[in-house]
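Okay, structure first, notes after.
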Amino acid sequence: MYFAHIINSAKLGKEYLIYCLSQICIITVLFTFIIIRSDQFVIVQVGEFFLTSIFFVELLVRILICKESFLQNFQNLIDLIVFTAIILIMITYQSLCISDSDKNQKYELLLLGIRYILQVIIIAIHLKKNRDMLQYIDENKITFDSTVSSQ
């Protein structure tokens, strides 16, 4: 229970915004790099591993916190579906990279584009949910008055 409190507190902090924006920056830089220098397979692999690992750890933490109720949350289901799609896209991408034909380079770029768009959409959903939660907290603050009116 204490672990869930720590994670929820972290998600409501400004650091979470920085964390999400840094992921978007990494995705943008990596995709731009792929377009400019598609021959640098190792750099792409390291970036993909990093981004996929971050997404996996986030999902794993939420599964551990929510346990049985994980699949009852619509956003968790969407995240799980998108993560599975990203893994399938990456497997397809790897098989295309092995064949190394010029025709496959267009498909590789398309697959990576779809993968990055999916992850940016998920990050945007998380940021919106975070903003909505912070707004709800601000609107519903509980304050304790030192003066109590008695009748």
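The values are calculated or read from the model by the stated rules, or taken from the named source; none is laboratory data. Model, not experiment: these values are computed from the prediction. Cβ coordinates were reconstructed from backbone atoms using ideal geometry, including for glycine residues, and neighbour counts include every protein chain displayed.
Does Phe50 satisfy being farther than 17 Å from Leu109 by Cβ and surrounded by 16 or more Cβ atoms within 10 Å (Cβ to Cβ)?
Against the criterion (farther than 17 Å from Leu109 by Cβ and surrounded by 16 or more Cβ atoms within 10 Å (Cβ to Cβ)), Phe50 does not qualify.
Hey, Met90 hits all of (1) among the hydrophobic types (A, V, I, L, M, F, W, C); (2) over 24 Å from Gly13 (Cα atoms); (3) modelled with pLDDT of 85 or more but one; which does it fall short on?
Result: Met90 passes all but (3).
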